[in-house]
Structure formats: structure tokens, C-alpha cells
1. Within the range 80-196, which helices (runs of 4 or more DSSP H) (wholly inside it) include 2 or more residues that are of a type in the set (Val, Ile, Thr) and touching a residue at least 24 places away in the same chain (Cβ under 8 Å)?
2. Might you let me know whether the range 129-143 holds any residue that is within 28 Å of ASN37 (Cβ to Cβ) and surrounded by 14 or more Cβ atoms within 10 Å (Cβ to Cβ)?
3. Identify all residues within the range 13-44 that are within 21 Å of SER80 (Cβ to Cβ), buried (at least 17 other Cβ atoms within 10 Å of the Cβ) and over 20 Å from the mean Cα position of the chain (by Cα); write none if there are none.
4. Do any residues in the range 11-31 that are without any contact (Cβ under 8 Å) to a residue 24 or more places away in the chain have Cβ atoms under 9 Å from those of residues that are open to solvent by 60 Å² or more (accessible area, probe 1.4 Å) and assigned to a strand (DSSP E or B), where the two are at least six apart or on different chains, and which pairs are they?
5. Can you say whether TYR201 is of a type in the set (Phe, Trp, Tyr) and touching a Leu at 6+ places or on another chain (Cβ under 8 Å), as far as the supplied structure shows?
6. Exactly one condition in (1) open to solvent by 90 Å² or more (accessible area, probe 1.4 Å); (2) at pLDDT 95 or above is not met by ALA176; state its number.
7. If GLY151 satisfies all but one of (1) open to solvent by 30 Å² or more (accessible area, probe 1.4 Å); (2) on the phi > 0 side of the Ramachandran plot, what's the number of the condition it fails?
8. Is it fair to say LEU125 is more than 27 Å from the chain's Cα centre (by Cα) and either over 17 Å from TYR201 (Cα atoms) or not basic (Lys, Arg) (or both)?
Amino acid sequence: MNNHIKQHTYLIRKKLDRLIKDVTVNSLFSGYGFYQNNHLFGIMQSGVFYLRAEGDLAQQLERYGAAPCLASSNNALSLSRYYRLPQTITENDILYREFLHQSIEQVKQQKIDFQLARKKRIKELPNLSIKHERLLLKVNITDVNQLRRIGAEKAYILAKKQGFSITLDFYWNLVAALKNIHVSQLPEAQKEHALAKLNNYLRQEGLRSEKA
């Protein structure tokens, strides 16, 4: 890489670090990869920064005029999932930061999905034992894939409706398990969001809300 591209890469990293913090850059095939906590969310190809996005996020970017990176037989990455961002995004710090966060969260979730897909029995998940597995089996949740499809909220409600004596600790264990982390690693902000989501489901089912 020539000095001009290296300098441009440094300036991009500096701006990204200002927006979302803890951004690192590593050489990656014919360009550079941009990471936050080992999550690859962007690449630099031929002096152009591209943001990783799939599904709904990719569609949002396209509505703003973002264009996918052209595929090349010389690249090991699937570049079609990376998008060149227009100035309407890159010159708007609030919008740019939001899309960066969504991209990183998408990468995190894909890693979690991959890790969970390798597990079949519920007791193999963090925080969950054979006791949890047996309880969930009684509400017809038989394996990890089914638990992922149903979600922590509906699993909790099914157990409540069956009359099982469960507390919020059971719910937190499910939430953390589906993130493939220990329950002690759940940030307070995520717990607040999860509790609001649970209480919304509970109200829809005519059940009493839970308090932290």
C-alpha cells in the first residue's frame, strides 16, 4: 500500500474511533480491515472505506445511496456485503454512528448464531443445566434451535402459564444463554431493554409485569 492510502486509512480510523471508540486496523488481503473488539465491520479497498451490512441494514444503506463493493476473484472475503457510504451518511455524525453500531451488532449476532448452531442440547448453553433443560422440555421446548426460535420472553411466559415457580433469574439465564455469555456479563442497559421487552409480552398475555 502506498503512503497516500496508509494516511487515508489512518484518518478514517481516527474518525471512526471518535464516533464509536476502540477501533483498530489490520492488514487484510489487498487492503485493511477495521475492527471493534475483534469484530470486523469495515474494509478499505483501493483507498475506499466500505461498511459491512446485510439484510435490513443493507437495504437501509441502499436507500441512502450506498453501493456494494464490487466482487473480485482475488479477494477471500465476500465483498458484496460491504457498502461504500455516501456523504449524506459520512458527514452526519449521528447517522454515521448509528449505522456503525448496527453493523457491529449485526456482526456480533452472526457470531452468536454460528456458535449456538453448533449446540443442540439446552444444557450445553451457558447458565443452563439439566434442570433448565427438563423444565423447558415440559413446555415443549426440546432443543437449542427451538429455544432460539421461540426466544427467552416466550419461553418464560410458557413456563409461567404452566404454573412453574420461576423468577427473573430464570429469564436472565435464558437471555444470556441466547447471547452465548455468562449471565454476569449482561450489561445493565441490555437487562433494562430485555425487561421492557418481557413486560410488553406479559401485558399482551394479560399477565403481571415483572420488576427488576
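The values are calculated or read from the model by the stated rules, or taken from the named source; none is laboratory data. Note that the structure is a prediction, hence the values are computed from the model and not measured. Virtual Cβ from ideal backbone geometry, glycine too; neighbours counted across all protein chains shown. Just the protein is used for accessible areas: all its heavy atoms, side chains included, with ligands, DNA and RNA removed. Shrake-Rupley method; radii C 1.70, N 1.55, O 1.52, S 1.80 Å.
1. 87-90, 93-117, 144-161
2. Step one: list which residues in the range 129-143 are within 28 Å of ASN37 (Cβ to Cβ), which gives none.
Looking through the range 129-143, none of the residues is within 28 Å of ASN37 (Cβ to Cβ) and surrounded by 14 or more Cβ atoms within 10 Å (Cβ to Cβ).
3. LEU28, GLY31, TYR32, MET44 - these are the residues of the range 13-44 that are within 21 Å of SER80 (Cβ to Cβ), buried (at least 17 other Cβ atoms within 10 Å of the Cβ) and over 20 Å from the mean Cα position of the chain (by Cα).
4. Pairs found: ARG13/THR24; ASP17/THR24.
5. Working: of a type in the set (Phe, Trp, Tyr): yes; touching a Leu at 6+ places or on another chain (Cβ under 8 Å): no.
So TYR201 fails the test.
6. Looking at each condition in turn, ALA176 falls short on (1).
7. (1)
8. Criteria not met by LEU125.
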